[in-house]
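Colleague: Let me give you the structure first, and then I'll get to my questions.
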Amino acid sequence: MSTAPVVDFVDAVAVYNGYPALAGVTMQVMRNEIVLLQGPNGAGKSTFLRACAGLVPVVRGSAHVLGCDLVIDRESVRERVGLLGHQNGLFADLTVMENVSFWSTVVGATTAERGAAMQRMAVDGQLANRRISELSAGQKRRCALACLVVRRAELWLLDEPHAGLDAKGRDEIDLIIKEAASAGATVVVASHEIERAKNLATRTVSLVAGQVRDLS
Ligand code: ADP
């Protein structure tokens, strides 16, 4: 089994309209870690997660995720990582069932696995046949999580996963994260629910103004 870091950023820079949202980030995440990413609004947490998912280009420094060199190729990594971002990534005109089925088909999940993921996030039953565009924000998030559960990604990138969920949903997220890690996945989670996330995380990394702040 490879001992190379799952995430390996060295002096990585990502820029929006000339502004360095990542201003030279050096961070390694090893397989099976659950890393809590914390920091104030605008610190670059979402940008870091999106860069790891190949959605934001790294224009300087180096960035490898799951062995893929993101400076050269941002496409290959996408099917191997699961990003829960601020946009839910769901097909708005399709139903809950159709969305989860889409990902089940992509990864070859069984009908039972699909059903279990939907039940787990309480988007089964009558909700299953509702279009995404007709759901509440919390229900959409639950559906996005059900999609993530069936995908069994190697690297889970979770941006404020507890946001907008009720107490039961938030507890369920914690269980899902723990289970993903026990199954061998690596998790990076940005959260302002520091106490909750600290209980889950094996390590905390702080970002401030696009750079890693040394906590030691
Ligand atoms: P965080 O997730 O820590 O709140 P972000 O990664 O969202 O921080 O943002 C980092 C910086 O990048 C902020 O200054 C923000 O204004 C800027 N930024 C984020 N997304 C965009 C965007 N789509 N276009 C322009 N600037 C952006």
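Colleague: When the stretch 182-196 is examined, which residues are found to be away from the ligand (no atom under 16 Å from the Cβ) and out of contact with any Leu (no Cβ under 9 Å at 6 or more places or on another chain)? Break it down into steps so the answer makes sense when it comes.
Modeller: Here is the first cut: in the stretch 182-196, the residues away from the ligand (no atom under 16 Å from the Cβ) are 182-187, 195-196.
Answer for the stretch 182-196, where residues must be away from the ligand (no atom under 16 Å from the Cβ) and out of contact with any Leu (no Cβ under 9 Å at 6 or more places or on another chain): Ser182, Ala183, Gly184, Glu195, Arg196.
Colleague: Do you know which residues across the stretch 59-73 are open to solvent by 10 Å² or more (accessible area, probe 1.4 Å) and not acidic (Asp, Glu)? If you could, list the steps in order and put the result at the bottom.
Modeller: If we filter the stretch 59-73 for residues that are open to solvent by 10 Å² or more (accessible area, probe 1.4 Å), which is where we start, we get 59-62, 64, 66-69, 71-73.
Of everything in the stretch 59-73, those that are open to solvent by 10 Å² or more (accessible area, probe 1.4 Å) and not acidic (Asp, Glu) turn out to be Val59, Arg60, Gly61, Ser62, His64, Leu66, Gly67, Cys68, Val71, Ile72.
Colleague: Another one. Considering Asn129, Asn199, which residue is surrounded by fewer than 16 Cβ atoms within 10 Å (Cβ to Cβ), over 18 Å from Leu37 (Cβ atoms), more than 16 Å from the ligand (Cβ to nearest atom) and not aromatic (Phe, Trp, Tyr)?
Modeller: Numbers: Asn199 fails: over 18 Å from Leu37 (Cβ atoms).
One residue alone meets the criteria, Asn129.
Colleague: Looking at the stretch 77-100, can you tell me whether even one residue there is over 30 Å from Asp124 (Cα atoms), open to solvent by 10 Å² or more (accessible area, probe 1.4 Å) and outside any helix (DSSP H, G or I)?
Modeller: So far as the stretch 77-100 goes, no, none of its residues is over 30 Å from Asp124 (Cα atoms), open to solvent by 10 Å² or more (accessible area, probe 1.4 Å) and outside any helix (DSSP H, G or I).
Colleague: What's the number of the condition Ile176 fails, among (1) at pLDDT 95 or above; (2) surrounded by 13 or more Cβ atoms within 10 Å (Cβ to Cβ)?
Modeller: (1)
Colleague: Same structure again: Whether any residue in the stretch 117-131 is closer than 19 Å to Ala167 by Cα and among the basic types (Lys, Arg) is what I want to check.
Modeller: Scanning the stretch 117-131 turns up at least one residue that is closer than 19 Å to Ala167 by Cα and among the basic types (Lys, Arg).
Colleague: Next up: For the stretch 1-26, enumerate the residues that are exposed (fewer than 13 other Cβ atoms within 10 Å of the Cβ) and either assigned to a strand (DSSP E or B) or modelled with pLDDT of 95 or more (or both).
Modeller: Pass one, the stretch 1-26, residues exposed (fewer than 13 other Cβ atoms within 10 Å of the Cβ): 1-4, 16-19.
Selection gives Tyr16, Tyr19.
Colleague: If you don't mind, there's one more thing I want to ask. Please specify each residue of the stretch 32-54 satisfying the condition of being surrounded by 20 or more Cβ atoms within 10 Å (Cβ to Cβ), within 9 Å of the ligand (Cβ to nearest atom) and part of a loop (DSSP other than H, G, I, E, B).
Modeller: Gly39, Ala43, Gly44
Colleague: I would also like to ask the following. Identify, from the list Leu165, Leu207, the residue that is closer than 21 Å to Ala144 by Cα and either without any contact (Cβ under 8 Å) to a residue 12 or more places away in the chain or more than 15 Å from the chain's Cα centre (by Cα) (or both). Please lay out each step first, then the result.
Modeller: Details: Leu207 fails: closer than 21 Å to Ala144 by Cα.
Of the residues listed, the single one that is closer than 21 Å to Ala144 by Cα and either without any contact (Cβ under 8 Å) to a residue 12 or more places away in the chain or more than 15 Å from the chain's Cα centre (by Cα) (or both) is Leu165.
Colleague: Continuing with this model, one more query. Kindly list the number of the only condition in (1) open to solvent by 20 Å² or more (accessible area, probe 1.4 Å); (2) out of contact with any helix residue (DSSP H, G or I) (no Cβ under 9 Å at 6 or more places or on another chain); (3) closer than 22 Å to Ala21 by Cα that fails for Ser206.
Modeller: The failed condition is (1).
Colleague: For the stretch 125-152, enumerate the residues that are over 24 Å from His86 (Cβ atoms) and modelled with pLDDT of 95 or more. Steps first, answer last, please.
Modeller: Going through the stretch 125-152, the residues over 24 Å from His86 (Cβ atoms) turn out to be 125-126, 128-129.
Listed by number, the residues that qualify are Ala128, Asn129.
Colleague: Every residue in the stretch 69-101 that is without any contact (Cβ under 8 Å) to a residue 24 or more places away in the chain and farther than 27 Å from Pro5 by Cα, please. Even if it seems obvious, please write down each step before you answer.
Modeller: Keep residues of the stretch 69-101 that are without any contact (Cβ under 8 Å) to a residue 24 or more places away in the chain, which gives 69-76, 87, 98, 101.
Across the stretch 69-101, the qualifying residues are Gln87, Glu98, Ser101.
Colleague: Would a scan of the stretch 151-162 turn up a residue that is crowded, with 16+ Cβ neighbours inside 10 Å, under 14 Å from the mean Cα position of the chain (by Cα) and among the small types (Gly, Ala, Ser)? Give the steps one after another, and end with the answer.
Modeller: Going residue by residue through the stretch 151-162, those that are crowded, with 16+ Cβ neighbours inside 10 Å are 151-162.
When the remaining residues are screened for being under 14 Å from the mean Cα position of the chain (by Cα), the result is 151-162.
Then keep just the ones that are among the small types (Gly, Ala, Ser); that gives 153.
Within the stretch 151-162, one or more residues are crowded, with 16+ Cβ neighbours inside 10 Å, under 14 Å from the mean Cα position of the chain (by Cα) and among the small types (Gly, Ala, Ser).
Colleague: Could you tell me whether Val29 is open to solvent by less than 10 Å² (accessible area, probe 1.4 Å), under 14 Å from Ala12 (Cα atoms) and away from the ligand (no atom under 16 Å from the Cβ)? Break it down into steps so the answer makes sense when it comes.
Modeller: Working: open to solvent by less than 10 Å² (accessible area, probe 1.4 Å): yes; under 14 Å from Ala12 (Cα atoms): no; away from the ligand (no atom under 16 Å from the Cβ): yes.
For Val29, the condition - open to solvent by less than 10 Å² (accessible area, probe 1.4 Å), under 14 Å from Ala12 (Cα atoms) and away from the ligand (no atom under 16 Å from the Cβ) - is not met.
The values are calculated or read from the model by the stated rules, or taken from the named source; none is laboratory data. A quick note: this is a predicted structure, and the numbers were derived from the prediction, not measured. We place every Cβ from the backbone using ideal geometry, glycine too, and count neighbours over all the protein chains shown. Accessible surface areas use protein heavy atoms only, side chains included; no ligands, DNA or RNA. Shrake-Rupley method; radii C 1.70, N 1.55, O 1.52, S 1.80 Å.
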